[in-house]
Amino acid sequence: MQDQNYPGSARGPRACLRVNCNQACGLRALPGLRLHISKQSRGRSEFLSLWLSAFLLFSSAAAFAQSPGWPQFGGPQRNFMVDARGLAPSWPANGPKRLWGRELGEGHSSIVVDGNRLYTMYSKGDQEFVIALDETSGKTIWEKSNAAPTAALALENGRGPHSTPLVAGDLLFTVGVIGRMHAFDKQTGRVVWSHDLWREYGGKLMDRGYSCSPLAWKSTVIVTVGGAGQALMAFDQKTGDVAWKKQDFDISPSSPLIINVDGQDQLVIPLAERIVGMDPNNGELLWSHPHKCNWGLNISVPVWGAGNILFVSSAYSGGSRALQLNQQDGKTTVKELWASQRMRVHHGTIIRLGDLVFGSSGDFGPAPMTAVDVRTGATVWQDRSFPKANLVYADGKAILLDEDGVLALVTLSPQGMKVISKTNLLTNLAWTPPTLAGTKLYVRDRRMIMALELS
């Protein structure tokens, strides 16, 4: 077979060899690899072709086997979308293969993946734990605890921790339910530095517990704190020294996101009454726009996408709005495209595909999966197949975990949501978004953590 995509193909006066791993072994090709061989060497080239094909196959397979990580809340891009390949198109009747499961503890902290380790947080009584697990067996590698008395908090919707750890370099950053922040050596669990955001800095006590997930930016780690001039604070990752603290806005339970607006990196976060854009290098305010919500409970992370459109959604009468941002010479203009109460995402994930955004709309009543046109605000469809749910998107499909513990594989399109497979998986309230690293899925509820194979 003579084709330029296969070894030994002839192209003009010279033979061009290009090994295409996509077609040879189902893996992504190594870009730009091309070997030219003269006609006189064509005999030797057949041997070289076979050797090089085998070498690239094993090299590519080894690289592919090193599962990409999930270093923070929301995954690599903080948008709950990953470039995972090789996922099964459907699942058996009893669901995907279960690799392991184990008891954990209470909390909503999601699971981060770094190499062959998982990190998360949980609580038992007034003790809070940060744990490192072996990703193949679920066994504890190290675990650290500290007292986290919660008598002053209103935890009727479940004990913390609510915040998700962050892996950056050699360190693991966590913030517990009462605002205690730690930097750990991720290998050993040794405490490198710590701060009490509420007591040490006079930060705002969130009555349902601290929930902002830390964000890495260059050599700093950024969190909400609250109080005069310190709505957000950035700490040096290695030393814990304050790099900057800025703004007087009342904070919310939400977490920050980095976006790029016409070449300028900006930190955006919905606070209690406004969504703001800041310079992540120094905390200076770049813009702000009203986004009020009852009790300041803006929780879900915004979604940034094509058309320079920032989509933000909240329950408790907050509703949704789309802001179009443009920046020139350091000045950002904000245009509100629309605002509506038809979609109100409580604390779940939001996925954008093309011009549609998808998420569960509702707080403590029905929460149908809802599709909205991000450019116009028009509701395209609603689907009541599941109660409140979180989504992770990969390989052309969405993995859905609802609050009752049902796991499903679905497709999302302008025509609606199609359920391909589903299984009853967890038995306790499951508000934690799933984590997908390579073809392995990690899920938890308030009692258990589990690993599944989706290939």
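Odds and ends about this structure:
- Additional length obtainable on full extension of the chain from residue 185 to residue 340, 0.36 nm per residue less Cα span: 51.3 nm
- Solvent-accessible surface (1.4 Å probe) assigned to residue 432 amounts to roughly 0 Å².
- Of 190, 384, the residue with the largest accessible area leads and the full order is 384, 190 (1.4 Å probe).
- Using only alpha carbons, segment 333-455 has a radius of gyration to Kirkwood radius ratio (Rg to Rh) of 0.98.
- Residue-span extension gain [residue 355 to residue 152] - 0.36 nm each, minus C-alpha spacing: 68.7 nm
- Partner aspartates and glutamates whose Cα lies under 20 Å from the Cα of residue 440, excluding those fewer than 8 positions away in the same chain, are identified as 83, 103, 114, 134, 135, 395, 402, 453.
- Solvent-accessible area per residue, Å², over the chain with all protein chains present [probe radius 1.4 Å]: 42 Å²
- With the charge dipole of the chain set up from +1 on Lys and Arg Cβ and -1 on Asp and Glu Cβ about the Cα centre, the Cα lying farthest toward the positive end among the listed residues 312, 361, 410 is that of 410.
- Per-residue extension of 0.36 nm, minus the Cα-Cα distance of residue 308 and residue 411, leaves a gain of 34.6 nm for this segment.
- Partner lysines whose Cα lies under 17 Å from the Cα of residue 144, excluding those fewer than 8 positions away in the same chain, are identified as 124, 186.
- Across the accessible surface of segment 202-316, with the other protein chains kept in place and a 1.4 Å probe, carbon and sulfur atoms take up 50 percent.
- Within the chain, helix-based [θ] at 222 nm, where runs of 4 or more DSSP H residues each add -39,500 (n - 2.57), nearest 500: -2000 deg cm²/dmol
- About the centre of its Cα atoms, the chain shows a dipole size close to 1360 debye [charges on the beta carbon of Lys, Arg (+1) and Asp, Glu (-1) only; nearest 20 debye].
- Spin-label model, residue 281/residue 378: points 7 Å from Cα along the beta carbon direction are separated by 4.2 nm.
- Accessible carbon and sulfur surface of segment 367-455 relative to its total accessible area, %, 1.4 Å: 45 percent
- Residues 177, 380, sorted by accessible area with the largest first, give 380, 177 [1.4 Å probe; ligands and nucleic acids excluded].
- 0 to 90° range, to nearest 10: angle between helix 42-65 axis and the chain longest Cα axis: 20 degrees
- Inter-centroid distance (Cα atoms) of segment 403-437 relative to segment 189-246, Å: 33 Å
- Spin-label pair residue 218/residue 103, simplified geometry with 7 Å Cα→Cβ offset, distance in nm: 4.8 nm
- Among the listed options [x] 117, 85, 53; [y] 74, 48, 38; [z] 80, 48, 47, the one matching Cα extents along the principal axes in Å as calculated from these coordinates is [z].
- Set of aspartates and glutamates with alpha-carbon distance to residue 331 below 15 Å, sequence-local pairs under 8 removed: 262, 265, 279, 284
- Zone residues, segment 373-414, relative to residue 429, backbone N less than 20 Å from point 7 Å out along Cα-to-Cβ: 386-391, 401-407
- Measuring with a 1.4 angstrom probe and ignoring ligands and nucleic acids, residue 188 comes out at about 80 Å² accessible.
- For segment 207-250, Kirkwood radius (reciprocal of mean inverse C-alpha pair distance, Å): 10.8 Å
- Rounded accessible area of residue 350 (nearest 10 Å², 1.4 Å probe): 10 Å²
- Alpha-carbon centroids, segment 319-391 and segment 287-312: separation in whole Å: 9 Å
The values are calculated or read from the model by the stated rules, or taken from the named source; none is laboratory data. Only a predicted model underlies this, so the values are computations on that prediction, with no experimental measurement involved. Using ideal geometry, Cβ is built from the backbone for each residue, glycine included, and neighbour counts are taken over all protein chains shown. We work out accessible area using only protein heavy atoms, side chains counted, and drop any ligands, DNA or RNA first. Shrake-Rupley method; radii C 1.70, N 1.55, O 1.52, S 1.80 Å.
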